[in-house]
1. Sort out which residues of segment 44-65 are in contact (Cβ under 8 Å) with a residue 40 or more places away in the chain and out of contact with any strand residue (DSSP E or B) (no Cβ under 7 Å at 6 or more places or on another chain), and write them in order of number.
2. Would a scan of segment 8-21 turn up a residue that is farther than 24 Å from Glu73 by Cα, of a type in the set (Ser, Thr, Tyr) and surrounded by 14 or more Cβ atoms within 10 Å (Cβ to Cβ)?
Amino acid sequence: MIKKAFVDKDTCIGCTVCSALAPTVFTVKEDPQYGNEFKSTADEAVDQVPIESAVQEAIDTCPVSCISWREKEEKNEKNGL
């Protein structure tokens with residue numbers, strides 16, 4: 001299991017603090033599912049281990065506490081899991 005950042009879009013206010021601290025992980029853009037309000041998204045495809053401290057700082061700094069770590073299974077390239 002590996003840790004990946006998760007953003008609760010229902011709570012996110014689109015303040016851009018996370019994307020300023022860890023721009024390779026977080027993107028803030030208009031989201032049509034939320035009436036085109038600005039919302040943050042975490043890119044799970046990015047290897048977050050090398051920048052874990054920046055992601056943790058984004059989690060700690062978020063003014064509405066909408067970012068957290070989630071456990072994800074690692075994909076095994078050999079058998080496609």
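Read the figures in this text as sums done on the coordinates, not as results from a lab. Bear in mind that the values here come from a model prediction, so they are computed numbers and not experimental data. Here Cβ is always computed from backbone atoms with ideal geometry, including for glycine, and neighbour counts include all displayed protein chains.
1. Once the filter is applied, which keeps residues that are in contact (Cβ under 8 Å) with a residue 40 or more places away in the chain and out of contact with any strand residue (DSSP E or B) (no Cβ under 7 Å at 6 or more places or on another chain), segment 44-65 yields Val49, Glu52, Thr61, Cys62, Pro63, Val64, Ser65.
2. yes
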